[in-house]
Every structure is written in structure tokens, then in C-alpha cells.
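Peer 1: Can you keep this structure in mind? I'll have questions shortly.
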Amino acid sequence: MLWLLIFVGIVASAIAGVLTDWLLKAWLPEKPRTKHVVASTVAIVVLLTIAAIASSIGSLPKPTDTNPTSVTPQVLMVSDITPTVARGENRAGGGGGRIAFVSSINNNDEIFVANVDGSALTNITNNAAVDFAPTWSPDGTKIAFTSDRGGGEYRVIYIMNSDGNDIFQLTDPTRDSTDPSWSPDGRRIAFSRSLGETGIYLIDIDGTNLTGLSVESDSEPNWSPDGTKIVFSSFRDDNGEIYVMNSDGTNLRNLTNDPSDDVNPTWSPNGTQIIFASYRNGNEQLYIMNADGSNQIRLTNNVWNDYQPEWSPDGAWIVFVSDRGGDNDIYIIPLMSPSTAETVTHDDTNDFVPSWQP
């Protein structure tokens, strides 16, 4: 482009020189005329060349402005961020989105699993024996439960996959064992064991290291989320009370101290509260308290019986059993609106002991 402009300038200069020479013939003598022609021609060439160079430079692309102060940064608002959805968190309660429970179908207690809305109902035990008290492992892949399928006199705790396969017998059949509760790390199970008096015991999930923590009519153990404490119900005071102790059995404390029966305690996922059932207002209703026993308040308030509560994995919902539909069914309620109940099961059989998949 530059050389083309120079060439055009030279041609134009030559033409201008010829015209200048013709004009000067009439006005100047021969010698001065020649001198002026040469001078004018050179001047025109130089001027046109400079103009061409300036035009070429002006047409070159400008460099990008790298001054950071001239760049307007993008402001990312919280509403613009799409959170990563963990397993099942699009459903009420979070977690795996399923609830295990016992149903007395055909007058035989079996363990079923269903979605939170009651769909995909599946019998995962299909056994002629009584299968009871299912509870999910912390990773949501296994279920511990109680059964008399061994044919002996006592109930035994078993562990199976969440689909009902690979059943493993955990406790021995010489004592009645029930109410299994997984430790938060999934390595141990707390449970009730009885032969005469009922007490709280611990056992590794391979069936070893059986350890007794209490032998005072204690049952329904439930681990705190940090694994340092166990809450449980006890009739050691001739009425049902909620107690808590360290996971090694020390530092025993009565949390409820009420003349009515308080049962079915369960820790909240964040470890700050405990939900339980109580008869303190006549019929069995759900109550909630701080982990130290303070601020005990009534959660459900109706003429029916509500019991066996358990928290959803996100702590926003409660699953429980109620006879408000005529027989015992599984319901869920939002913690912030406990008067609004949704059905998980609604059938002609009795359903019990719900457990929400983590």
C-alpha cells in the first residue's frame, strides 16, 4: 500500500513539473526557469511522499489498550452462580431421596424403601421372618436392621445392601438385639441388647469388639453427628426419659426430666437439637429441644398420635409415624411449618420406624 502511494505521488509530481515548466516559460528567463522547475518538482515529490507515509501510518491497526485501569471488570452476582447439586438434593430433605421403613403387609413385618413422595415402593427383605428397625449407613449404601430370621428365640441385627442383597449377621443370637444406630464414620453400631435388663452396646460392623455402655432399661440409642455422644431413651426412673452420655458411656445426663414418657430421640444433622416423642400433653406428639435439654417446645399439636421422628439429611424436614389417617402411616413435615404434613405412605397396613437416606 505504501509503495503504491509513493508511485502515484511520483507520477503526479512529474505531471506537475511539466505543467510548471509550461507556465514558467512565459514569465521567467531560461536559466531561472529550469532551476525553479527542478526545485518545485522535488518539493512536490517530497510533500506527496510525506502525505502518503502519514496516510499509511494512520491506516495501520491500533494496538490493544492494555492499561488495566481502562478495563471494566465483570461483577458476578450470587444469583448468577448455579450451585452444584449433590445426590438427591433436588428432592425434599436432600440426601439420597429415599426413606426406609417397616410395613406389616400380609401381617408380616417387612422392610420397604420408597422415594420421599411415596413412589418407587420396593420390598427389599421379602422374608417370612419379622424384619424391623431399618437404619441407613452414613454413606447411604447399606441398611442395618433387626430380624428373627435366624429361627432362634431372640432378634438379631443384620446388615444388608440398600437393595436387600448381601445380608450379613452382625450380633449373636444369644441375646435380643435391636434399635441399631450407625456411628458417623460408619465403623461401629450402637444398639439395644437385653436379657433381663436392656442396655446400650457398641459393636464394630464386622461383628467384633462388643462393648457394653449401660444396663439400666436403656434403648433407642442415636449417635451425635460428631460421634462424641449418644442420646437414648431410658426407663431407669420408672418413666421414659431422654438421656445423653459420652460415646464411651461416661457423663450420663437426663435431658427431659418430665413425669410423662419421653421416647424416640434423634439428633439433628448439625448436632444442635434433638427431636423426640412425648405423652406430656395426653396423646403422643413430637417435641424438639436443644442438645443440652433446654428450650423444649412442642412441634406437632393435634388429636392424633405422632411418634418415631427422624430428621431429613438437610435438617429442614421431619419424617415420622402418625395415625392421623386411620392407621399408622409415614408422613413428612417441614420443620418451619409443622402443621403441613405430606404423606409418604397411605395404605391399609401399618407402617413404622422410618429412616431417611443420607
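Nothing in this text is a laboratory measurement; each read-out follows from the coordinates by a stated rule. None of these values were measured; they are calculated from a predicted model. We place every Cβ from the backbone using ideal geometry, glycine too, and count neighbours over all the protein chains shown.
Peer 1: Determine the dipole magnitude for the range 106-162: charges of +1 sit on the beta-carbon of Lys and Arg, -1 on that of Asp and Glu, nothing else is charged, the reference point is the Cα centre, and the result goes in debye to the nearest 20. List each step's numbers first, then the result.
Peer 2: Details: 3 positive and 7 negative charges, 24 e Å.
With Lys and Arg at +1 and Asp and Glu at -1, about 120 debye.
Peer 1: Given H placed on each backbone N at 1.01 Å, which residues far from residue 291 in sequence or on other chains put an amide H within less than 5 Å of it?
Peer 2: 273, 274
Peer 1: Let me ask something else about it. Along Cα→Cβ, 7 Å out, is where each label goes; now give me the distance between the ones at residue 246 and residue 165 in nm to one decimal.
Peer 2: Result for the modelled spin labels: 4.3 nm.
Peer 1: Given the peptides 191-203, 244-256, arrange them by the average over their residues of other C-beta atoms within 10 Å, most packed first.
Peer 2: Values: 191-203: 20.1, 244-256: 16.1.
The packing order, highest mean first, is 191-203, 244-256.
Peer 1: Return, for the Cα atoms of the range 194-340, the radius of gyration and Dmax in Å, separated by a comma.
Peer 2: Cα-based Rg and Dmax for the range 194-340 come out at 15.4, 46 Å.
Peer 1: Right, here's the next one. What order, most packed first, do the peptides 330-343, 127-140 have when packing is the mean number of other Cβ atoms within 10 Å of each residue?
Peer 2: By packing density, highest mean first, the sequence is 127-140, 330-343.
Peer 1: Amide H of residue 98 versus every other amide H placed in the peptide plane: which residues, excluding those fewer than 5 positions away on the same chain, fall under 5 Å?
Peer 2: 357
Peer 1: Determine the relative contact order of the range 139-283: mean sequence separation of Cα pairs under 8 Å and six or more apart, normalised by residue count, in whole percent.
Peer 2: Details: 358 pairs, mean separation 18.4, N = 145.
Answer for the range 139-283 is 13 percent.
Peer 1: Of the peptides 110-117, 204-211, how do they stack up when ordered by the mean number of other Cβ atoms within 10 Å, highest first?
Peer 2: 110-117, 204-211
Peer 1: Sticking with this structure for a sec: How high is the relative contact order of the range 216-334, in percent, with contacts defined as C-alpha pairs under 8 Å that are six or more residues apart? List each step's numbers first, then the result.
Peer 2: On the way: 293 pairs, mean separation 18.2, N = 119.
So the answer I get is 15 percent.
Peer 1: Using a 10 Å cut-off around each Cβ, can you sort 321, 231 from fewest to most neighbouring Cβ atoms?
Peer 2: Placing the least packed residue first, the sequence is 231, 321.
Peer 1: Further question: Around residue 280, what is the net charge, scoring Lys/Arg as +1 and Asp/Glu as -1 over all other residues with Cβ under 12 Å from its Cβ?
Peer 2: Details: positive: 298; negative: 241, 258, 261, 262, 284.
That works out to -4.
Peer 1: Still on this structure: Relative to the present Cα-Cα distance, how much length would full extension add between residue 238 and residue 302 at 0.36 nm per residue of separation? Write out the running numbers ahead of the final one.
Peer 2: Values: separation 64, 0.36 × 64 = 23.04 nm, distance 2.69 nm.
Extending this stretch completely gives an extra 20.4 nm.
Peer 1: Apply the Karplus parameterisation 6.51 cos²θ - 1.76 cosθ + 1.60, with θ equal to phi minus 60°, to every residue of the range 168-178 and state each ³J(HN,Hα) to the nearest whole Hz, in sequence, with x for glycine and proline.
Peer 2: 10, 7, 8, 9, 7, x, 8, 9, 7, 10, 7
Peer 1: What is the magnitude of the charge dipole of the range 140-181 about its Cα centre, with +1 placed on the Cβ of each Lys and Arg, -1 on the Cβ of each Asp and Glu, and no other charges, expressed in debye to the nearest 20?
Peer 2: Dipole about the Cα centre, nearest 20: 40 debye.
Peer 1: Moving to a separate point now. In debye, nearest 20: dipole of the range 113-253 around its Cα centre with unit charges on the Cβ of K, R (+) and D, E (-)?
Peer 2: 140
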